[in-house]
Amino acid sequence: MRKAVHAGAAGAQAGRANRKPRLRIWMVVNTAMLSAVVFGVYHEAAIAQQAQSTASAQTGGLTKVDPKVARALATKTVPTKQQFVAATANYFGVMAADVPWNGTAVGKLAQAAGGVAPNMSETFTTWVQDFPAATVADSYAHDELPVITWEPWAQGGTTKAQAKQPAYALSQITGGRYDAYITRFAQAAAAQQWPVAIRFAHEMNGDWYPWCEKVNGNAPGSYVAAWKHVHDIFTRAGANNVIWIWAPNILRGAQSRLSLDELYPGDAYVDWIGLSAYDDHETTAMQLLGPTMAKIRAFTNKPLLLAETGSQSGAQKPGWTADLLDWVQQRTDVIGFVWSEYQVGRGGSTADWRFDADPATQTAFRDGIKKLSLVAVGQ
Amino acid sequence: MLAFLLELRNYWFDGAFYPFAAFMLLVWLLWIVRVALLRRYRPWRRAWTGTTSVIIPVVDEPEDLFREVLDRITEQQPTEVIVVINGPRNEVLEEICEKAGVTWVWTAVPGKRNALRIAIERSRGEIAVLVDSDTMWTERTLAELVKPFRNPRIGGVTTRQRILDPARSVLTRWADWLESVRCEYSMPAMSVVGTVGCLPGRTIAFRRQILVDCMERFLTEKFLGTFLEVSDDRTLTNYTLMAGYQTVYQATSLVYTDAPTKVWKLVKQQYRWARGSQYNTLRMMPWMIREARFLALFYAVDILVPFVLLGTFTSWISAFVLHRDRPAIYGQLPLPDDAARSIPLVMVLAGFLTLVSITVRFGRHFAYRPVDLLYLPVFMMINTLILLPVRLLGFFRCAHNAGWGTRSAGFSGERGFNPLAVVPYLLGGIMLTISVLISA
């Protein structure tokens, strides 16, 4: 032991002589290595961030796609607009809280529908919001075709007082006041490539929105002009992946002094017809939809989607629900529906429209939806 | 280290606060402070001649070892050597002392403090050198050790300690690493400002008068309602500092000591140190804040570190178990999509970064013992699984005096309820709660 200690001491003394250079080299090499790795990590993170912010600038800045969702989508092939437009099967859409953003909410709906998952989601975007790229991504992440109801105003709601907004008069749109915004939105829609259905300025035959004709100073013909103006900007931006849904309200409740054919921009500007059609007391689908369908089929044969539907609570609800699903299955010109899963007081709803609001309706819905063959959105 | 970098980045861009990042930042800042200080450290070179009394309290020690210890000391011709055998009589040791020609005293009262009192009363040297009975001096230990006393303001000097033959086992390597880091970083840095907070007791030299003056307090002073007979070296250092002297480190005075080779012995030793050290930190804190800010800072961090780490680990485990999700910070990196590839990638990168950062932070050790880098994972495990819980437990129990793990024949503690013993529990409870809450 004595020897070891002496050797150790001698070693320490001798070691001290060449101590400095060795330590210096060690520190220089390792500090350089550490700096290089730190730089590398930050560099990679910066590149990833850059890529993300470029993507989000293209897709509208405000709505960042969750990197996880983006990665999940990267493994899927982007479908074409044509695949959806030409599909002969049906769409089962929902508009509901947290859909399509929250996978759990989507799953619960599928469960309520007896294990049939919706293949379409509908959401709302106003003209103070950029293109909702995250919503589109989340929708596809759950194998749903996104329908964006694009409202040319700053707020939601459906009171007549809100219809009076000169800033959002149709002539303002046609006049170019919002061209920069529309262009940015169109470019973002194009950049993200995934097909997206846009239901622009819906329920134009009502009197509750500033884009309805004969209210808010909107002259006859101004709706078609505004539609074409917006559509043309999308065409110039190369947004060929947009499915255009022209979506009036059913005649019941709408302005009787407006005729639908005068509000229709023409088949060249429209892919699908959408209808807002809520069952109130009607017992069959034809009772609710017949009169409006007759008018529409007089000027266009475009496929029809019930872009908003649901049934008021009441004795008629289960029967009407069963009949509607049969009707959708039988009509080759009707491609599907978007069910409003809102109860009273939620999402601005005045009634409980849900298909799972009572057991009888839910059973009717489950039986009906089983018989539909649905478009496979996720492939 | 990778987590630290990414958390810093998140803080920079999004203002997200992470306690772990704050903690790591503090660790690096303190490292920079230490390195800046220690660059000014120089050992004392000019010789000093004065009288020295070497004092060796001993209970029991293997014959050969003790003979060797004594021989090495007497070779260096101190003015006197006083061995105090305390506890049961030990004729073997007495005989060794006789043969070596050193003074020995026997006292039936067990305990190091009483032994020191007896020796101090008998000693005559200007400088009292306290030596542990298992500590091996090297050739010039004594001559080097007393050099700083040329400066009359210096009251206490300590040696550089090494573990004897550290390659024996993982535990001795680990102990050597800890000692080495202490001798290469904290001690020289604190020595520069004249406040080494704890002159390690294997071999320390004090001006004898300081010990005479503080002996009464040393034997009786209570704190938090208890008299704790552990950490004698730290306590004596405190008294020296409070008497207005400087305490310094003499790197050229080298001693060798042994380290536990059994895990349980190591746990007991660390527990004893953790209790004594944290007890003394609490006791000294008001004085340190007034008189020695650096010291206060380093010791406060010393207590806080285990709590912060525990909070961080808790939050990591809860994130993993409850959310089954990798921490979001790694989302900043362009990682492959599937977990089978991304998790190993993150682990390798994180491991490599940790390794390199440690080679930098402890360069003064690893530059000379690069082989120890291979043992780094084991060192980390010992730090996390043994040192961390032991330090936490030591903090909570630091005002209990019923001895656990001190020398078997030592002070056995007073019986009875001590209401102030709850103070560390309260403090620790608060720190633990805050740490877990912030991290969660």
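The values are calculated or read from the model by the stated rules, or taken from the named source; none is laboratory data. Every value quoted in this text rests on a predicted model; they were computed, and no experiment measured them. Cβ sites come from the backbone with ideal geometry, for glycine too, and all protein chains shown count toward neighbours. Quick note on the areas: whole protein, heavy atoms, side chains included, nothing else; ligands and nucleic acids left out. Shrake-Rupley method; radii C 1.70, N 1.55, O 1.52, S 1.80 Å.
Taking region B:44-67 as the range and being open to solvent by 30 Å² or more (accessible area, probe 1.4 Å) and either assigned to a helix (DSSP H, G or I) or within 14 Å of chain A (Cβ to nearest Cβ) (or both) as the test, the residues that pass are B:Arg45, B:Glu61, B:Pro62, B:Glu63, B:Asp64, B:Leu65, B:Arg67. If you go through region A:221-235 and keep only what is open to solvent by 10 Å² or more (accessible area, probe 1.4 Å), touching a residue at least 40 places away in the same chain (Cβ under 8 Å) and not β-branched (Val, Ile, Thr), you end up with A:Gly221, A:Ser222, A:Ala225, A:Lys228, A:His229. Among residues that are in a helix (DSSP H, G or I) and open to solvent by 10 Å² or more (accessible area, probe 1.4 Å), B:Gln269 is included. Can A:Val128 be described as surrounded by fewer than 18 Cβ atoms within 10 Å (Cβ to Cβ), out of contact with any helix residue (DSSP H, G or I) (no Cβ under 8 Å at 6 or more places or on another chain) and over 30 Å from A:Asp367 (Cα atoms)? So A:Val128 fits the description; yes.
Yes/no matrix, rows are residues, columns are (1) hydrophobic (A, V, I, L, M, F, W, C); (2) assigned by TED's automatic domain parsing to the domain that holds A:Val94; (3) open to solvent by 10 Å² or more (accessible area, probe 1.4 Å):
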residue: A:Asp280; (1), (2), (3): no, yes, yes
residue: A:Ala285; (1), (2), (3): yes, yes, no
residue: A:Ile296; (1), (2), (3): yes, yes, no
residue: A:Thr321; (1), (2), (3): no, yes, no
residue: A:Thr332; (1), (2), (3): no, yes, yes
residue: A:Glu341; (1), (2), (3): no, yes, yes
residue: A:Thr363; (1), (2), (3): no, yes, yes
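Scanning region A:289-315 for residues that are within 17 Å of A:Trp244 (Cβ to Cβ) and assigned to a loop (DSSP other than H, G, I, E, B) yields A:Phe299, A:Thr300, A:Asn301, A:Lys302, A:Pro303. Of all residues assigned to region A:272-288, none qualifies as being small (Gly, Ala, Ser), assigned to a loop (DSSP other than H, G, I, E, B) and out of contact with any Cys (no Cβ under 7 Å at 6 or more places or on another chain). Take the residues in region B:148-165 that are at pLDDT 90 or above and more than 19 Å from B:Thr237 (Cβ to Cβ); name whichever of them is least open to solvent (accessible area, probe 1.4 Å). Taking the candidates together, the pick is B:Ile163. Does region B:249-262 contain at least one residue that is modelled with pLDDT of 85 or more, surrounded by 19 or more Cβ atoms within 10 Å (Cβ to Cβ) and either in a loop (DSSP other than H, G, I, E, B) or of a type in the set (Lys, Arg) (or both)? Yes, there is a match, as at least one residue in region B:249-262 is modelled with pLDDT of 85 or more, surrounded by 19 or more Cβ atoms within 10 Å (Cβ to Cβ) and either in a loop (DSSP other than H, G, I, E, B) or of a type in the set (Lys, Arg) (or both).
Looking only at residues that are open to solvent by 20 Å² or more (accessible area, probe 1.4 Å) and in contact with a Phe, Trp or Tyr (Cβ under 9 Å, 6 or more places away or on another chain) in region A:73-115, which one is nearest to the other protein chains (Cβ to nearest Cβ)? Ranking the qualifying residues of region A:73-115, first place goes to A:Lys76.
Among the criteria (1) out of contact with any strand residue (DSSP E or B) (no Cβ under 7 Å at 6 or more places or on another chain); (2) under 30 Å from B:Leu297 (Cα atoms); (3) open to solvent by 50 Å² or more (accessible area, probe 1.4 Å), the one B:Gln77 does not fulfil is (2).
Okay, residues lined up against (1) closer than 13 Å to A:His229 by Cβ; (2) open to solvent by less than 50 Å² (accessible area, probe 1.4 Å):
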site: A:Ala154; (1), (2): no, yes
site: A:Tyr168; (1), (2): no, yes
site: A:Gly175; (1), (2): yes, no
site: A:Asp179; (1), (2): yes, yes
site: A:Arg184; (1), (2): no, no
site: A:Gln193; (1), (2): no, no
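Residue by residue through region B:167-183, note down the ones that are open to solvent by less than 30 Å² (accessible area, probe 1.4 Å) and under 20 Å from B:Gly156 (Cβ atoms). Result: B:Glu179, B:Cys183. Tally time: how many residues in region B:138-183 are within 24 Å of B:Gly363 (Cβ to Cβ) and part of a helix (DSSP H, G or I)? Qualifying residue count for the region: 16.
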